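Have a look at the structure below before the remarks.
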Amino acid sequence: MSKKLQSINLNNVPNHIAIIMDGNGRWAKKQGMKRVFGHRNALTAVREAVAAASEIGSKFITLYAFSTENWNRPKLEVDALMSLLVSSLKKEVPDFHKNGIKVNSIGAIEKLPKKARNVLTQVINETSHNSKITLTFALSYGSREEIVNAIKNISKKVVNKEIDIKNIDEKIINNHLYTFNLPDVDLMIRTSGEQRISNFLLWQMAYAELYFTEVLWPDFRKEHLFDAIIDYQNRERRFGKTSEQIDTNA
Ligand code: IPE
Ligand code: IPE
Ligand code: MG
(Lines give C-alpha, C1' and ligand atoms only; values in the text may rest on other atoms or scores of the structure.)
(Ligands and ions follow the chains in the order given, each with its own letter.)
Protein backbone atom coordinates (compact mmCIF):
# COMPACT_ATOMS: atom_id res chain seq x y z
CA MET A 1 0.00 0.00 0.00
CA SER A 2 1.32 3.43 -0.81
CA LYS A 3 2.53 5.63 2.05
CA LYS A 4 0.19 8.40 0.98
CA LEU A 5 -2.80 6.10 1.00
CA GLN A 6 -1.90 5.06 4.54
CA SER A 7 -2.02 8.63 5.77
CA ILE A 8 -5.57 9.12 4.49
CA ASN A 9 -8.38 8.94 7.02
CA LEU A 10 -10.85 6.62 5.32
CA ASN A 11 -13.68 7.92 7.51
CA ASN A 12 -13.44 11.40 6.03
CA VAL A 13 -13.17 11.05 2.28
CA PRO A 14 -15.05 13.24 -0.18
CA ASN A 15 -18.17 11.43 -1.31
CA HIS A 16 -18.12 13.25 -4.66
CA ILE A 17 -14.90 14.30 -6.40
CA ALA A 18 -15.05 16.44 -9.55
CA ILE A 19 -12.02 16.95 -11.77
CA ILE A 20 -11.24 19.51 -14.45
CA MET A 21 -8.80 17.48 -16.51
CA ASP A 22 -6.67 20.27 -17.95
CA GLY A 23 -3.28 20.56 -19.61
CA ASN A 24 -3.27 17.94 -22.36
CA GLY A 25 -2.30 20.45 -25.03
CA ARG A 26 0.58 21.92 -23.03
CA TRP A 27 1.80 18.42 -22.11
CA ALA A 28 2.08 17.57 -25.82
CA LYS A 29 3.62 20.90 -26.82
CA LYS A 30 6.30 20.49 -24.17
CA GLN A 31 7.49 17.46 -26.10
CA GLY A 32 7.25 19.16 -29.46
CA MET A 33 4.11 17.22 -30.33
CA LYS A 34 0.69 18.30 -31.58
CA ARG A 35 -2.07 18.98 -29.01
CA VAL A 36 -3.98 15.83 -29.95
CA PHE A 37 -1.02 13.75 -28.76
CA GLY A 38 -1.83 15.02 -25.27
CA HIS A 39 -5.46 13.91 -25.52
CA ARG A 40 -4.33 10.50 -26.72
CA ASN A 41 -2.18 10.15 -23.63
CA ALA A 42 -4.86 11.14 -21.16
CA LEU A 43 -6.50 7.76 -20.65
CA THR A 44 -4.00 6.45 -18.08
CA ALA A 45 -4.70 9.49 -15.92
CA VAL A 46 -8.43 8.85 -16.15
CA ARG A 47 -7.96 5.23 -15.09
CA GLU A 48 -5.69 6.19 -12.20
CA ALA A 49 -7.99 8.93 -10.92
CA VAL A 50 -11.03 6.65 -10.94
CA ALA A 51 -9.12 3.75 -9.35
CA ALA A 52 -7.72 6.00 -6.61
CA ALA A 53 -11.12 7.53 -5.85
CA SER A 54 -12.60 4.06 -5.67
CA GLU A 55 -9.77 2.77 -3.46
CA ILE A 56 -10.41 5.37 -0.77
CA GLY A 57 -14.17 4.75 -0.91
CA SER A 58 -15.49 7.82 -2.75
CA LYS A 59 -18.80 6.94 -4.36
CA PHE A 60 -18.88 9.55 -7.13
CA ILE A 61 -16.28 10.94 -9.49
CA THR A 62 -17.16 13.42 -12.21
CA LEU A 63 -14.74 14.26 -14.99
CA TYR A 64 -14.95 17.37 -17.17
CA ALA A 65 -14.10 15.93 -20.56
CA PHE A 66 -15.60 18.44 -23.01
CA SER A 67 -17.21 21.81 -22.33
CA THR A 68 -19.83 23.72 -24.32
CA GLU A 69 -17.02 26.20 -25.04
CA ASN A 70 -14.73 23.45 -26.36
CA TRP A 71 -16.94 23.24 -29.50
CA ASN A 72 -15.12 26.42 -30.54
CA ARG A 73 -11.78 24.61 -30.90
CA PRO A 74 -10.42 23.76 -34.36
CA LYS A 75 -12.58 21.12 -36.04
CA LEU A 76 -9.65 18.73 -36.31
CA GLU A 77 -9.18 18.75 -32.54
CA VAL A 78 -12.90 18.40 -31.82
CA ASP A 79 -13.12 15.45 -34.21
CA ALA A 80 -10.09 13.81 -32.62
CA LEU A 81 -11.59 14.24 -29.14
CA MET A 82 -14.88 12.70 -30.25
CA SER A 83 -13.26 9.70 -31.85
CA LEU A 84 -11.05 9.23 -28.78
CA LEU A 85 -14.17 9.24 -26.68
CA VAL A 86 -15.66 6.44 -28.76
CA SER A 87 -12.54 4.27 -28.78
CA SER A 88 -11.76 4.80 -25.08
CA LEU A 89 -15.28 4.04 -23.91
CA LYS A 90 -15.35 0.83 -25.95
CA LYS A 91 -11.95 -0.23 -24.68
CA GLU A 92 -12.78 0.37 -21.02
CA VAL A 93 -16.01 -1.64 -20.75
CA PRO A 94 -14.36 -4.81 -19.30
CA ASP A 95 -12.56 -2.62 -16.78
CA PHE A 96 -15.79 -0.85 -15.84
CA HIS A 97 -17.32 -4.22 -15.02
CA LYS A 98 -14.27 -5.58 -13.24
CA ASN A 99 -14.10 -2.52 -10.99
CA GLY A 100 -17.80 -1.98 -10.37
CA ILE A 101 -17.86 1.32 -12.26
CA LYS A 102 -21.25 2.70 -13.21
CA VAL A 103 -20.93 5.15 -16.10
CA ASN A 104 -23.09 8.24 -16.27
CA SER A 105 -23.02 11.46 -18.28
CA ILE A 106 -24.05 15.09 -17.89
CA GLY A 107 -24.26 17.69 -20.64
CA ALA A 108 -25.98 18.27 -23.97
CA ILE A 109 -25.40 14.71 -25.15
CA GLU A 110 -27.70 15.29 -28.15
CA LYS A 111 -25.03 17.61 -29.59
CA LEU A 112 -22.42 14.83 -29.74
CA PRO A 113 -21.85 13.04 -33.06
CA LYS A 114 -24.23 10.10 -33.44
CA LYS A 115 -21.53 7.50 -32.99
CA ALA A 116 -20.30 8.97 -29.73
CA ARG A 117 -23.86 9.33 -28.47
CA ASN A 118 -24.67 5.73 -29.27
CA VAL A 119 -21.56 4.28 -27.65
CA LEU A 120 -22.08 6.43 -24.58
CA THR A 121 -25.73 5.37 -24.21
CA GLN A 122 -24.74 1.75 -24.66
CA VAL A 123 -21.98 1.91 -22.02
CA ILE A 124 -24.29 3.72 -19.59
CA ASN A 125 -26.92 1.00 -20.03
CA GLU A 126 -24.42 -1.85 -19.85
CA THR A 127 -22.85 -0.61 -16.62
CA SER A 128 -26.05 0.52 -14.91
CA HIS A 129 -25.96 -2.37 -12.42
CA ASN A 130 -22.41 -1.68 -11.23
CA SER A 131 -22.38 -0.06 -7.83
CA LYS A 132 -18.89 0.53 -6.42
CA ILE A 133 -18.48 4.01 -7.87
CA THR A 134 -20.38 6.25 -10.28
CA LEU A 135 -18.17 7.74 -12.98
CA THR A 136 -19.82 10.71 -14.65
CA PHE A 137 -18.43 12.20 -17.84
CA ALA A 138 -19.29 15.86 -18.42
CA LEU A 139 -19.60 16.05 -22.20
CA SER A 140 -20.73 19.09 -24.10
CA TYR A 141 -21.32 20.34 -20.58
CA GLY A 142 -21.76 23.94 -19.52
CA SER A 143 -23.10 24.91 -16.16
CA ARG A 144 -24.85 28.04 -17.42
CA GLU A 145 -26.56 26.11 -20.21
CA GLU A 146 -27.63 23.52 -17.62
CA ILE A 147 -29.19 26.26 -15.47
CA VAL A 148 -30.91 27.85 -18.48
CA ASN A 149 -32.44 24.47 -19.38
CA ALA A 150 -33.57 23.91 -15.81
CA ILE A 151 -35.30 27.31 -15.78
CA LYS A 152 -37.03 26.55 -19.08
CA ASN A 153 -38.27 23.18 -17.85
CA ILE A 154 -39.46 24.52 -14.52
CA SER A 155 -41.21 27.41 -16.28
CA LYS A 156 -43.05 24.98 -18.55
CA LYS A 157 -44.27 23.10 -15.50
CA VAL A 158 -45.39 26.32 -13.87
CA VAL A 159 -47.37 27.23 -17.00
CA ASN A 160 -48.91 23.74 -17.04
CA LYS A 161 -49.69 24.10 -13.35
CA GLU A 162 -47.53 21.08 -12.42
CA ILE A 163 -45.44 23.30 -10.15
CA ASP A 164 -46.66 26.20 -8.04
CA ILE A 165 -44.21 29.15 -8.00
CA LYS A 166 -44.31 29.34 -4.24
CA ASN A 167 -43.01 25.76 -4.04
CA ILE A 168 -39.89 26.40 -6.13
CA ASP A 169 -36.95 25.69 -3.85
CA GLU A 170 -33.37 24.42 -4.09
CA LYS A 171 -34.57 20.84 -4.26
CA ILE A 172 -36.78 21.50 -7.29
CA ILE A 173 -33.94 23.29 -9.05
CA ASN A 174 -31.58 20.44 -8.22
CA ASN A 175 -34.03 17.96 -9.69
CA HIS A 176 -34.01 19.80 -13.00
CA LEU A 177 -30.23 19.84 -13.43
CA TYR A 178 -28.27 17.18 -15.34
CA THR A 179 -26.92 16.19 -11.94
CA PHE A 180 -30.34 15.43 -10.42
CA ASN A 181 -29.10 11.97 -9.38
CA LEU A 182 -25.73 13.12 -8.01
CA PRO A 183 -24.85 14.57 -4.60
CA ASP A 184 -23.14 17.97 -4.22
CA VAL A 185 -19.43 18.09 -5.05
CA ASP A 186 -17.18 17.83 -1.97
CA LEU A 187 -13.81 18.26 -3.64
CA MET A 188 -12.97 19.84 -6.99
CA ILE A 189 -9.52 19.25 -8.44
CA ARG A 190 -8.11 21.15 -11.41
CA THR A 191 -4.83 20.19 -13.01
CA SER A 192 -2.37 22.27 -15.07
CA GLY A 193 -2.08 25.25 -12.73
CA GLU A 194 -5.11 27.17 -14.00
CA GLN A 195 -7.18 28.47 -11.14
CA ARG A 196 -10.64 28.86 -12.57
CA ILE A 197 -13.93 26.99 -12.79
CA SER A 198 -14.52 27.26 -16.57
CA ASN A 199 -18.30 26.86 -16.39
CA PHE A 200 -18.19 23.55 -14.51
CA LEU A 201 -20.84 22.57 -11.92
CA LEU A 202 -21.38 26.12 -10.62
CA TRP A 203 -24.46 25.25 -8.58
CA GLN A 204 -23.16 21.89 -7.42
CA MET A 205 -19.81 23.30 -6.23
CA ALA A 206 -21.35 25.98 -4.01
CA TYR A 207 -19.63 24.49 -0.95
CA ALA A 208 -16.94 22.31 -2.51
CA GLU A 209 -13.31 22.51 -1.42
CA LEU A 210 -11.17 23.60 -4.38
CA TYR A 211 -7.75 22.10 -5.04
CA PHE A 212 -5.37 23.22 -7.77
CA THR A 213 -2.25 21.39 -8.88
CA GLU A 214 0.44 22.22 -11.43
CA VAL A 215 0.49 18.61 -12.70
CA LEU A 216 -0.60 18.39 -16.33
CA TRP A 217 -3.47 15.97 -16.81
CA PRO A 218 -1.60 13.23 -18.77
CA ASP A 219 0.89 13.02 -15.84
CA PHE A 220 -1.83 12.69 -13.19
CA ARG A 221 -1.54 9.49 -11.11
CA LYS A 222 -3.10 7.96 -7.99
CA GLU A 223 -0.51 9.68 -5.80
CA HIS A 224 -1.70 13.08 -7.02
CA LEU A 225 -5.27 12.29 -6.11
CA PHE A 226 -4.13 11.10 -2.69
CA ASP A 227 -2.25 14.44 -2.25
CA ALA A 228 -5.50 16.26 -2.96
CA ILE A 229 -7.37 14.10 -0.43
CA ILE A 230 -4.75 14.75 2.27
CA ASP A 231 -5.06 18.48 1.60
CA TYR A 232 -8.86 18.19 1.76
CA GLN A 233 -8.65 16.40 5.09
CA ASN A 234 -6.63 19.24 6.58
CA ARG A 235 -9.41 21.73 5.90
CA GLU A 236 -12.35 22.56 8.09
CA ARG A 237 -15.65 22.57 6.23
CA ARG A 238 -17.73 25.00 8.24
CA PHE A 239 -20.79 25.49 5.99
CA GLY A 240 -21.29 28.94 7.46
CA LYS A 241 -20.97 27.84 11.07
CA THR A 242 -18.19 28.81 13.46
CA SER A 243 -15.17 26.67 14.14
CA GLU A 244 -16.35 26.18 17.73
CA GLN A 245 -19.66 24.82 16.55
CA ILE A 246 -17.88 22.33 14.30
CA ASP A 247 -15.68 21.17 17.21
CA THR A 248 -18.61 20.57 19.51
CA ASN A 249 -20.95 19.22 16.83
CA ALA A 250 -23.49 21.89 17.78
C1 IPE B 1 -7.88 19.48 -21.39
O2 IPE B 1 -6.66 19.83 -21.92
C3 IPE B 1 -8.71 18.66 -22.32
C4 IPE B 1 -9.89 19.34 -22.86
C5 IPE B 1 -10.26 20.56 -22.59
C6 IPE B 1 -10.69 18.59 -23.79
P7 IPE B 1 -6.50 21.08 -22.89
O8 IPE B 1 -6.74 20.60 -24.29
O9 IPE B 1 -7.35 22.20 -22.46
O10 IPE B 1 -4.97 21.41 -22.71
P11 IPE B 1 -4.31 22.84 -22.55
O12 IPE B 1 -5.05 23.56 -21.46
O13 IPE B 1 -4.45 23.54 -23.85
O14 IPE B 1 -2.90 22.57 -22.18
C1 IPE C 1 -12.01 23.12 -19.28
O2 IPE C 1 -10.75 23.19 -19.86
C3 IPE C 1 -12.81 22.08 -19.95
C4 IPE C 1 -12.34 20.71 -19.81
C5 IPE C 1 -11.35 20.30 -19.07
C6 IPE C 1 -13.07 19.74 -20.56
P7 IPE C 1 -10.37 24.33 -20.91
O8 IPE C 1 -8.94 24.16 -21.20
O9 IPE C 1 -11.31 24.30 -22.03
O10 IPE C 1 -10.65 25.63 -20.04
P11 IPE C 1 -10.26 27.17 -20.27
O12 IPE C 1 -11.00 27.61 -21.48
O13 IPE C 1 -8.78 27.25 -20.42
O14 IPE C 1 -10.72 27.84 -19.04
MG1 MG D 1 -7.05 23.77 -21.18
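The values are calculated or read from the model by the stated rules, or taken from the named source; none is laboratory data. Quick caveat, the model's predicted, so the values are computed rather than measured. As a convention, Cβ positions derive from the backbone with ideal geometry for all residues, glycine included, and neighbour counts pool all protein chains shown. Note: areas computed on protein heavy atoms with side chains; ligands, DNA, RNA excluded. Shrake-Rupley method; radii C 1.70, N 1.55, O 1.52, S 1.80 Å.
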* Structure fact -> Residues of segment 138-182 being open to solvent by less than 10 Å² (accessible area, probe 1.4 Å) and not hydroxyl-bearing (Ser, Thr, Tyr), in sequence order, are Ala138, Leu139, Gly142, Glu146, Ala150, Leu177
* Asked: Of all helices (runs of 4 or more DSSP H) completely enclosed by segment 1-102, which ones contain at least 2 residues that are of a type outside the set (A, V, I, L, M, F, W, C), away from ligand 2 (no atom under 16 Å from the Cβ) and in contact with a helix residue (DSSP H, G or I) (Cβ under 8 Å, 6 or more places away or on another chain)?
  -> 43-56, 75-98
* Asked: If you go through segment 1-42, how many residues are of a type in the set (Val, Ile, Thr) and within 11 Å of ligand 1 (Cβ to nearest atom)?
  -> 3
* Asked: Can we say Val185 is away from ligand 1 (no atom under 16 Å from the Cβ), under 26 Å from Lys111 (Cβ atoms) and open to solvent by less than 40 Å² (accessible area, probe 1.4 Å)?
  -> yes
* Asked: Residues of segment 92-102 being among the acidic types (Asp, Glu) and surrounded by fewer than 13 Cβ atoms within 10 Å (Cβ to Cβ), which ones?
  -> Asp95
* Taking the stated definitions as given, is Asn99 closer than 24 Å to Asn199 by Cα, more than 16 Å from ligand 1 (Cβ to nearest atom) and not aliphatic (A, V, I, L, M)? -> no
* Which of the strands (runs of 3 or more DSSP E) contained wholly in segment 115-221 include at least 2 residues that are hydroxyl-bearing (Ser, Thr, Tyr)? -> 133-141
* Name the one entry in Phe212, Phe220, Phe226 that is among the hydrophobic types (A, V, I, L, M, F, W, C), under 30 Å from Ser2 (Cα atoms), surrounded by 15 or more Cβ atoms within 10 Å (Cβ to Cβ) and free of Cβ contacts under 8 Å to residues at least 24 places away in the same chain. => Phe212
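The rows are residues; the columns are (1) within 16 Å of ligand 3 (Cβ to nearest atom); (2) open to solvent by 20 Å² or more (accessible area, probe 1.4 Å).
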site	(1), (2)
Phe37	yes, yes
Arg40	yes, yes
Arg47	no, yes
Thr62	no, no
Phe66	yes, no
Lys90	no, yes
* Restricting attention to segment 43-69, and to residues there that are free of Cβ contacts under 8 Å to residues at least 60 places away in the same chain and farther than 12 Å from Ile17 by Cα, which single residue is farthest from ligand 1 (Cβ to nearest atom)? -> Arg47
